[in-house]
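Asker: Below is a structure I'd like to ask you about.
All of the numbers you see were taken from the coordinates with simple rules; none came from a lab. Keep in mind that what you see is a predicted model, and the values were worked out from it rather than measured. No Cβ is skipped: glycine too gets one built from the backbone with ideal geometry, and neighbour counts run over all protein chains shown.
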Amino acid sequence: MKIGLIGIGRMGRVLAGLLAGQVDLVIYDRNIEKMKKAADELNVSIGDSFEEMADLGIIILALPDQEVVNCIRIFNSINKNVNVINIATNASQDMLNSIADSHVSCICAKFVGHAGEIASGHSPVIIVNPFPVALVGKTVEIFQFVGQVIIGEADIVYTINTVAAQKAIEASVAIEEALQQKGITDPGIIKSAIGQVAAGVMKSYAEGNLGPFAREILQSVKHENEAESL
């Protein structure tokens, strides 16, 4: 299966690494040096132009939302049948449909995940839109190599990731302020408390394997919440 991937940024590079060896991958990025380095490291092919990428028939766009829009407009002008898979969280299915010409079919496959965590071996959830129907099967086939694939409303990922990111940042700020109030101001200690202790506990909670120390704190938090709700 020959697949094109445009964009070798943080998520694009991670995605390329997961797909290399699983599919016949061709990558493209306007940063020539970055593209060649990734191709050498992953032993994948390089595309020379958007026209050449369009010839592949199916292309993943791992780009910021505005660049996704620009790419689709370029494919509109090339006038070749092409299937585009968008992974940008902020680029909605409706928006893509509104700008794509009839020969450019678009589907969203969005990640409930973080590029750094995925690069470390953690498997994301990928929500694939149920339409256009003709692209669903192929999209699922590709992303099964990346993580757990769910068919559903991909645009809900914006809400999911926004809530998760906001709460994580609020927790990080709260930890920093609470430690400072206790006279603990060393930046290295604060960084480790947030990046290792807090992050590690959240991962353990998500995976259902909290240790005894954290389980005691969890029970205390639950009791406090129950008391507040009365």
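Asker: Kindly state, to the nearest 0.05, the FRET efficiency for Gln196 paired with Val221, given R0 = 22 Å and r defined as their beta-carbon distance.
Answerer: 0.65
Asker: Normalised by the residues of the range 117-230, what does the relative contact order come to in percent, with Cα pairs under 8 Å and at least six apart?
Answerer: 17 percent
Asker: Of all beta bridges DSSP finds with both residues in the chain, what is the antiparallel percent, to the nearest 5?
Answerer: In the chain, DSSP labels about 15 percent of beta bridges as antiparallel.
Asker: Oh, and also: With 23 Å as the limit, write out which pairs from Lys34/Lys80; Lys37/Lys203; Lys2/Lys34; Lys110/Lys203; Lys167/Lys222; Lys2/Lys138 have Cα-Cα distances beyond it, or answer none.
Answerer: In this structure, Lys34/Lys80; Lys37/Lys203 lie more than 23 Å apart at Cα.
Asker: Let me ask something else. Return the single residue from Glu216, Glu52, Glu153 with maximal mean-square fluctuation; model: Gaussian network over the chain, springs between Cα atoms under 10 Å.
Answerer: Glu216
Asker: Modelled label-to-label distance, Gln66 and Ala119, 7 Å Cα→beta-carbon offset: nm?
Answerer: Modelled inter-label distance: 2.4 nm.
Asker: Given Cα pairs under 8 Å that are at least 6 residues apart, what percent is the relative contact order of the chain?
Answerer: Relative contact order comes out at 13 percent.
Asker: Just to be sure I understand: with springs between alpha-carbon atoms less than 10 Å apart, which residue in Arg13, Arg30, Arg215 has the highest mean-square fluctuation in the Gaussian network model of the chain?
Answerer: Looking only at Arg13, Arg30, Arg215, the biggest GNM fluctuation is shown by Arg215.
Asker: Would you list Ile175, Ile85, Ile58 from fewest to most Cβ contacts within 10 Å?
Answerer: Ile175, Ile58, Ile85
Asker: Could you pull out every one of the lysines with an alpha carbon less than 21 Å from that of Lys182, ignoring same-chain neighbours closer than 8 positions?
Answerer: Lys191
Asker: Also: Does the range 158-229 come out rounded, prolate or oblate by the C-alpha gyration tensor, with a ≥ b ≥ c the root eigenvalues, rounded set by a/c under 1.5 and, if not, prolate when a/b is larger than b/c and oblate if not?
Answerer: rounded
Asker: Follow-up question, since we're still on this one. Which residue, Ala164, Ala109, Ala39, tops the fluctuation ranking in a GNM of the chain built on C-alpha contacts under 10 Å?
Answerer: For the chain, modelled as a Gaussian network with Cα springs under 10 Å, the answer is Ala164.
Asker: All other residues with a Cβ under 13 Å from the Cβ of Leu210 taken together, and with Lys, Arg as +1 and Asp, Glu as -1, what is their net charge?
Answerer: Local net charge: +1.
Asker: Grab the other residues whose beta carbon is less than 12 angstrom from that of Arg10, score K and R as +1, D and E as -1, and report the net.
Answerer: That works out to +1.
Asker: What is the sum of charges, Lys and Arg at +1 and Asp and Glu at -1, for the other residues whose Cβ falls under 9 Å from the Cβ of Val26?
Answerer: It works out to a net charge of -1.
Asker: For the chain, what is the charge dipole size about the Cα centre, in debye to the nearest 20, if Lys and Arg each add +1 at the Cβ and Asp and Glu each add -1 at the Cβ?
Answerer: 280 debye
Asker: If each DSSP helix of 4+ residues adds -39,500 (n - 2.57) and the sum is divided by the residues in the chain, what number results at 222 nm, nearest 500 deg cm²/dmol?
Answerer: Result for the chain: -16000 deg cm²/dmol, rounded to the nearest 500.
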